[in-house]
Structures are given as C-alpha cells and as structure tokens.
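Below is one structure, written out as structure tokens; comments come after it.
Every number in this text was worked out from the coordinates using simple rules, so none of it is lab data. Keep in mind the model is a prediction, meaning the values are calculated, not measured. Here Cβ is always computed from backbone atoms with ideal geometry, including for glycine, and neighbour counts include all displayed protein chains.
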Amino acid sequence: MKKNWIVNPIEIDKEKLQNLQDSLRCPQKIAKLLLQKGITTSESAEEFFYPNIDNLHDPFLLPDMEKGVKRIETAIHNQEKIFIYGDYDVDGTTAVAILLKGLNKFGAKVDFYIPNRMIEGYGLSLTGNKALKSLGANLVISVDCGINAIEEIDDLNKNGIDVIVTDHHKPKQVLPKAYAIINPKLKNSSYPYSELAGAGIALKLLSALFYHLEKYKPESIWDYFDLAGLGTIADIVPLTGENRILAALGIKKLEERKNLGLNYLLDLAGLKKIKLKSSDVVFKIAPRINAAGRMGSADRAVELMTTTKPEQAKLLALSIHKENQKRQQIDQKTFNEACDMIESKYQDLNETFFIVLIDKDWHPGVVGIVASKIVEKYNRPTILLTLSEGEGSGSGRSIRNFDIFECLSHFQDYLISFGGHKYAAGLSIMPEYIAIFEEKLNEYARNKLSLDDIQPQIHIADELNFQEIDDVLIKWLKLFAPYGPGNMNPIFMSKKVMIVGYPYIVGTNHLKIRTIQDNKTLELIGFNMGELSPFLKKGTFVDITYSLEENIWQNVVKIQGKLKDIRPND
C-alpha cells in the first residue's frame with residue numbers, strides 16, 4: 001500500500017534556531033528537532049535530554065490522594081485485609097507489583113487479585129467481588145481499572161468493603177461511589193499531567209504513602225522505577241512530561257538488573273548485559289509479561305516481579321517465556337486469517353473507514369495484539385471480536401487523530417460494556433447488534449477522517465544529506481530517547497541516493513540495501529520489506545525515508561538506517 005510522505009509543516013524561526021544551536025553547541029538538525037517539539041531554550045532542552053526524578057509532580061495534587069492515603073494508613077495500622085485489584089496486562093500487573101511490594105514494606109496485611117481474562121474479563125466484576133468477600137477483604141485498591149465499575153463498587157460498598165480507585169482510563173458521565181478516586185483524567189483534576197499510565201499512578205500513590213509513613217526521599221521510590229517504567233512504556237501512553245521521566249529512569253533501573261524475575265526474563269529475551277531501549281520493552285519484554293495474562297493466569301507475572309527467591313524467579317520466567325512462544329504462533333495465525341477476511345469482506349478499502357472483524361474461534365487473549373497489527377498494515381481504526389457464550393467481546397485499536405473511546409461513547413447503546421482511552425479500547429456486544437454497529441462506526445469515522453487520513457503515513461522530521469550523518473549527530477539523537485508516542489524516533493528523508501551493490505534478504509523477510517550520496521554510504525535495513533528486492537536495481541537513484549540507529553555486530557558499532565519507505569527518484 002502506497003504511503004503518504006508528510007514533511008513536518010512547522011515553520012522554524014531562524015533566530016531561535018541559531019540561538020538554540022549556539023547555546024547547546026549542537027548540530028543545526030538537532031536544534032531544529034527541538035524547536036519542532038516546542039523546546040526553545042537551552043534550559044528546557046537540558047530538562048528534556050536529562051530526565052530527573054526531582055521534576056516529578058507532587059502526588060497530592062492528584063484528586064482524592066490525601067483521602068486515599070489516610071484510608072490506607074488506617075488499614076495498615078488496624079491490620080485490615082487490603083486487596084490490590086489489577087488488570088492482566090503489563091500496565092496492570094506492574095501497578096499491582098509496585099503497590100504489593102510497597103505495602104509489604106509498610107507492614108500491611110496485603111494480597112492481590114487479578115481477574116481471569118477468559119472467565120471474568122477486564123476490570124472489577126461481580127464474580128471477582130464474590131472472591132474478595134470470601135477472602136475477607138476490608139479495603140480494595142484498584143489499579144489500571146475501576147473508573148467505570150459503578151455496579152461492582154456499589155456491591156462492595158453494600159458489603160462494607162471500601163474501594164480506592166486508581167485508574168488512568170477516561171471516566172464516563174457517572175462516577176462510581178468509591179471511597180476515593182485517584183485519576184488525573186477526572187474533570188475536577190488540577191494535576192499538571194493527565195497522561196500517566198496505571199503503573200505511574202500506582203507509583204504516585206506509593207510516593208504519597210512515603211510522605212505520610214516515612215520521610216520521603218527520591219531514593220525511597222527508586223526501587224520501583226523498573227516496574228513503573230516498564231508499565232508506562234508497555235501501555236503505549238505518550239512518552240512526554242512525567243511519562244518520559246518514568247520511562248527513561250525506568251530503563252536505567254531495569255539495566256541495574258536488581259529485580260530477580262525481570263532479570264531472568266531479560267536473559268530469555270536475548271537482552272543479557274546490553275543497553276536497553278524502549279523498543280526492547282515494547283517488542284521483547286512486554287509481550288512475554290502479557291502472555292501470562294493472555295494465555296493463562298496473570299498472577300504469575302506479579303509473582304515474577306515480586307519474588308525474592310532465585311529458583312522461583314527462574315521457573316516463572318521460563319514458564320512465561322514458553323507461554324509467549326505459544327502466543328506468537330496463535331498471533332500469526334489470527335493475523336493471517338484477519339488479513340484474508342479483510343481482502344474478501346471489503347471490496348473497496350477506500351470506502352472502508354473502520355474495520356470490524358469477528359470469528360468465534362479467535363483466542364480472546366490475542367485479538368488486541370492482532371488489531372494493532374491490522375491498524376499498522378491498513379491504517380484504519382480496527383475492532384476484532386471473538387464469540388463466547390452468546391456474547392461478542394474484543395479489543396479496538398486506533399490511528400492518529402481518531403479517538404476510539406469517544407467514538408464508542410457515541411454508540412454505547414449497542415454495547416454491553418466498553419472502556420479504554422484514545423488509542424485502545426475493550427468492549428462487549430450482543431452478536432445481533434454487530435452489523436448495525438459496524439455500519440454506525442464507519443459512518444462516524446467517514447465524517448471524522450479524510451481519505452488521506454486512512455492512507456499509511458510517514459511523518460518526516462527533516463531532509464538529511466548523508467554528509468550530515470556522523471557520530472556527533474548520533475550522540476545527540478540518543479538523547480531524544482526513550483522513543484514512543486508523543487516522542488517518536490525522528491524519520492529523515494534523503495533524495496537522489498544511489499543503490500550500490502545488490503539488495504538482498506536477511507532473516508525471514510528483511511531487506512538490506514547499501515546506498516550512496518555525495519560520496520558517503522549508508523546501509524539500511526527494511527524490516528518485512530523483502531518483497532521490494534526484485535524491483536531495486538544496482539545503480540538506480542531513489543528517495544528514501546528512514547530513522548538512524550547504531551547497529552552493533554560482533555562488537556563493531558556502525559551507523560545504520562532503518563528504512564521506512566523507498567521510491568524511485570523523479
């Protein structure tokens with residue numbers, strides 16, 4: 001599918017550009033990238049380049065934080081039974097692990113509960129409530145869920161169980177009657193940053209507890225940064241503001257390899273003794289942790305991240321790693337089936353603005369992952385559903401400039417339940433409503449999106465000449481990491497570069513080409529672009545879009561381009 005190349009339209013003030021370049025003593029391209037992000041001074045650039053724990057906001061600015069902390073303090077003092085109720089994904093399990101470790105440190109009588117994905121589904125449920133009652137819960141702290149659990153929290157209240165909701169998902173019109181609701185997305189919230197993930201909010205709650213129960217010092221919460229960073233990066237929230245601090249310092253903490261379970265998992269993922277990147281979390285660590293909840297019980301993920309016993313950590317890591325291998329096979333099969341379904345179902349993709357697919361045999365644990373892959377391939381909001389016991393349930397993923405949660409809010413009368421945020425949502429629906437629901441979604445998306453919006457797009461930061469690519473540029477680009485939503489790895493464009501040597505395939509279907517411009521060469525790798533190889537001839541001129549990275553092979557470091565798209569030079 002042809003991709004639209006969109007060059008950054010922001011007009012750069014030449015005086016500001018020169019001032020920033022002079023004050024930082026950086027290449028002009030770096031100063032330009034900073035200005036594109038709205039960073040105009042050397043002071044704000046320093047803060048961006050070197051994330052600092054001291055720049056985290058006061059946790060007591062979050063709604064109900066003081067109230068929630070005092071209730072937890074009372075529960076600890078009276079030895080009430082506290083249950084942390086989490087979600088089964090990485091964000092949910094890391095949030096559970098943060099509070100479980102922290103509350104244990106304070107001597108709380110604490111346990112955790114994560115619903116079974118296949119039986120109970122997402123979030124608080126009446127089935128889960130029965131378990132909590134039978135286990136003698138006095139206080140429930142929800143993490144990464146609960147903001148829309150009105151009936152379930154009413155039920156717990158009736159049974160004398162207080163609930164503190166910590167969540168980052170968008171609230172609906174009516175809020176649950178919880179003892180406290182800690183969510184930066186509440187309408188009355190004055191918290192300076194609204195994009196924290198569930199793990200980030202759990203860390204804020206723990207920080208506030210340290211203020212109350214011990215003298216707070218930044219190092220008090222340092223031990224929890226690997227978990228907070230992992231949950232933040234894995235949940236694909238914007239890596240801006242506080243999330244950037246949590247992600248960057250979380251990676252540093254992960255590199256200390258102090259968490260026994262995560263250390264074994266890093267080794268199994270092929271990340272032993274290497275510098276970590278956010279992409280390692282997204283593509284290698286997070287899928288393994290997610291596999292625990294997708295393919296079986298997410299309890300193992302929490303146990304992995306909290307155990308202090310080496311042998312148990314090793315066994316749990318191996319079990320989760322094997323589950324992930326099984327998950328990968330199911331993923332690929334489901335993705336292939338979904339693509340075949342799209343090709344046969346939609347006669348004209350230019351008339352399709354929202355993809356909805358259903359199959360009774362799809363594994364509910366992988367539909368979210370596959371929906372993400374469909375979005376990546378077809379660049380349309382996508383919902384994948386599976387049928388179980390007469391009910392359709394599944395996950396939706398979205399594209400740039402389209403809020404899927406807001407979209408579902410318009411058609412909630414067709415749904416049994418739904419929840420989520422701008423780019424991801426979960427839902428359940430009666431099968432007889434699916435056809436009309438899809439029709440309504442397409443109509444809504446057609447009014448919100450243009451044909452250009454649904455074409456795959458490459459957003460180009462700047463044009464680059466190969467002569468500008470050197471170790472100095474790479475050194476500065478490294479300071480922009482960790483990359484993720486809101487802070488993507490900059491994509492560059494180079495025109496009229498010549499292919500030298502013969503393109504060839506490596507791995508399963510990855511394209512390797514060598515190019516030259518103004519007597520300087522650049523090797524590029526295009527992942528899953530092997531089908532282009534027959535059309536790329538030695539000696540022809542092309543235009544390319546790519547990001548830059550260091551490739552380390554047998555201890556030799558080389559600058560490499562990560563190819564995004566390639567066109568004949570006009």
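The residue among Ser278, Tyr113, His77 whose Cα reaches farthest toward the positive pole of the charge dipole of the chain, with charges on the beta-carbon of Lys, Arg, Asp and Glu, is Ser278. Straightening the chain between Ser194 and Gln79 buys 38.1 nm, computed as 0.36 nm per residue apart minus the Cα-Cα spacing. Peptides 204-213, 160-169 ranked from most to least packed by the mean count of surrounding Cβ atoms within 10 Å: 160-169, 204-213. One Cα centroid belongs to region 514-570, the other to region 324-373; the line between them spans 30 Å.
Annotation: Cα Rg of region 346-448 relative to the compact-globule expectation 2.2 N^0.38 Å equals 0.96.
Take the Cβ-Cβ distance between Asn116 and Val506 as r, set R0 to 51 Å, and report the resulting FRET efficiency rounded to the nearest 0.05. For R0 = 51 Å, the calculated efficiency reads 0.80. Packing around the peptides 467-473, 8-14, taken as the average count of other Cβ atoms within 10 Å per residue, puts them in this order, highest first: 467-473, 8-14.
Computed on the Cα trace of the chain, the radius of gyration divided by the Kirkwood hydrodynamic radius gives Rg/Rh = 0.97.
Between Val556 and Glu15, the distance separating the two model label sites (each 7 Å from Cα on the Cα→Cβ line) works out to 5.0 nm. Would you please classify the overall shape of region 137-279 from the alpha carbon gyration tensor, given that a ≥ b ≥ c denote the square roots of the eigenvalues, rounded means a/c under 1.5, and beyond that prolate means a/b larger than b/c while oblate covers the rest? It is prolate, given that a/c is not under 1.5 and a/b is the larger ratio.
Each Lys and Arg adds +1 at its Cβ and each Asp and Glu adds -1 at its Cβ; summed about the Cα centre, region 207-329 shows a dipole of about 440 debye. Among 478-491, 225-238, sorting by the average number of other beta carbon atoms lying within 10 angstrom of each residue, highest first, gives 225-238, 478-491. For the chain, the Cβ-based charge dipole about the Cα centre amounts to some 1380 debye (Lys, Arg positive; Asp, Glu negative; other atoms uncharged). Among Trp362, Trp222, Trp476, Trp553, a tally of other beta-carbon atoms within 10 Å of each Cβ gives an order, fewest to most, of Trp553, Trp222, Trp476, Trp362. Rounded to the nearest 0.05, what FRET efficiency do Ile474 and Leu126 have when you use their Cβ-Cβ distance and R0 = 45 Å? Taking R0 as 45 Å, the efficiency between Ile474 and Leu126 is 0.25. Spacing of the modelled spin labels on Asn401 and Asn8, each 7 Å from Cα toward Cβ, amounts to 1.8 nm. Under a 5 Å amide H cut-off, with hydrogens placed 1.01 Å from N, Asn4 pairs with Gln457, Ile458 among residues at least 5 apart or on other chains.
Each Lys or Arg adds one and each Asp or Glu subtracts one; over the other residues with Cβ under 11 Å from the Cβ of Leu387, this totals -3. Extension gain, Met488 to Lys70: 0.36 nm times the residue separation minus the Cα-Cα distance gives 146.5 nm. Taking Cα centre as origin and charging only the Cβ of basic (Lys, Arg, +1) and acidic (Asp, Glu, -1) residues, the dipole magnitude of region 54-256 rounds to 400 debye. Between the alpha-carbon centres of region 1-61 and region 227-244 there is a gap of 19 Å. Under the simplified labelling scheme, the Trp222-Phe527 pair shows an inter-label distance of 3.3 nm, with each label point 7 Å from Cα along Cα→Cβ.
As a proxy for reagent exposure, Tyr502, Tyr433 were ordered by neighbouring Cβ count within 10 angstrom, fewest first; the result is Tyr502, Tyr433. Extension gain for Ser44-Gln332 works out to 99.3 nm (0.36 nm per residue, less the C-alpha to C-alpha distance). Here Ala435 and Asn519 are evaluated by their C-beta separation; at R0 = 56 Å the FRET efficiency comes out at 0.40.
Across the options Leu532, His57, Ile6, the greatest Cα extent toward the positive end of the charge dipole of the chain (unit charges at beta carbon of Lys, Arg, Asp, Glu) belongs to Leu532.
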